[in-house]
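One structure follows; several queries about it will come next.
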Amino acid sequence: MQGWREVVLTGIAGLSLLPVQVIGQTGLPLEERSLPQLTESGQILIGGQMTRYLIRHLPVSSFPALPAAIQSQLDRRGCLIPQTYEAHRPENVIRASLERQGSSDWVVLCSAKGTVSLLVFFGGDPGHPFTLASAPETERLQSHDRSGVLGFNWGIDPASPQQVREAQASMEHRPPLADHDALADTLVDHHTIYHFYLKSAWVVLQTED
């Protein structure tokens, strides 16, 4: 994802902007249907009108830094990595210290069978990923240019303690600086929430009073 986005706190339940009904999809040519479908397109019904969408994906192999054990798990799940409409380089696979200071953890947006899941792999137990959130892929779409074609709008980034601190700048009484990273969960061009692992549980950090 490009740069750091201006953020506002919102509840995770409100991330979907568009009530949609999937009407149809276009696939790859017949001779290519045995290959992973990296670009998904189709139409959805919004407010009584048919609207085109386009979602680009990358295979797991596009992220060679992923540990082999995690790559294997993602392949078994049939994961492709969805890319936001603003992507200019591979995204939505990140490494951060989420479990504790100095830990080496991975987070992946996995698209499989029409659903996108936010998977967290702790370095100490990569065989048991945690699903932090999930949604139908067609509920993570929005218009982004004059063409009117909808694109994928869910992105993730690592958030250092200092970046979280900056996001809390408007708070009168800011919490103490954290000692490890948070996960920035973004609805592109709208808002970001920060997931933080604390005392064996995930919490959403407050960024405004």
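Coordinate-derived values only; no laboratory data. In this text the structure is predicted, and so the values were computed from the model without any measurement. Neighbour counts are summed over all protein chains in view; Cβ atoms, including those assigned to glycine, are modelled from backbone coordinates with ideal geometry.
Just the C-alpha atoms of the stretch 92-209: what Rg/Rh do they give, with Rh taken as the Kirkwood radius? Present the calculation step by step, with values, prior to reporting the outcome.
Working: Rg = 15.3 Å, Rh = 15.3 Å.
Reported Rg/Rh (Cα atoms, Kirkwood Rh): 1.00.
Based on the Cβ-Cβ distance of Gln206 and Ser160, what FRET efficiency does E = 1/(1 + (r/R0)^6) give at R0 = 22 Å, to the nearest 0.05? Before the final figure, lay out each step's value.
Numbers: r = 17 Å, r/R0 = 0.79.
E(calc), rounded to 0.05, equals 0.80.
Take the Cα of Arg76, step 7 Å along the line toward its Cβ, and report every residue of the stretch 91-118 whose backbone nitrogen sits under 19 Å from that point.
The answer is 106-113, 117-118.
Against the globular-protein guess of 2.2 N^0.38 Å, express the Cα radius of gyration of the stretch 146-209 as a ratio, rounded to two decimals.
Working: Rg = 13.9 Å, N = 64, 2.2 N^0.38 = 10.7 Å.
That ratio works out to 1.30.
Ok, one more. Which whole-Hz couplings ³J(HN,Hα) result when phi for each residue of the stretch 55-60 is put into the Karplus expression 6.51 cos²θ - 1.76 cosθ + 1.60, θ = phi - 60°, listed in order with x for Gly and Pro?
For the stretch 55-60, the Karplus curve yields 10, 9, 10, 10, x, 4 Hz.
Oh, and also: May I ask you to sort Val204, Val120 by Cβ crowding, counting other Cβ atoms within 10 Å and putting the fewest first?
Working: Val204 15, Val120 20.
If I rank by nearby Cβ atoms, fewest first, I get Val204, Val120.
Give the Debye-formula value of log10 I(q)/I(0) at each listed q (0.18, 0.19 Å⁻¹), with one equal scatterer per alpha carbon of the stretch 28-185, two decimals each.
Log-scaled intensity ratios, in q order: -1.13, -1.20.
Which percent of Cα-Cα pairs in the stretch 58-111 sits in each 10 Å bin, short to long?
In whole percents, the pair-distance histogram is 24, 52, 23, 1.
What number comes out for the charge environment of Leu183, summing +1 per Lys or Arg and -1 per Asp or Glu over other residues with Cβ under 12 Å away? Don't skip to the end; give the middle numbers.
Values: positive: Arg95; negative: Glu99, Asp105, Asp157, Asp181, Asp185.
Cβ neighbours under 12 Å give a net charge of -4.
Let me ask you something else. Between Leu198 and Gln37, what length in nm is gained on full extension when 0.36 nm per residue of separation is reduced by their alpha carbon distance?
Working: separation 161, 0.36 × 161 = 57.96 nm, distance 3.78 nm.
Contour length minus Cα-Cα distance gives 54.2 nm.
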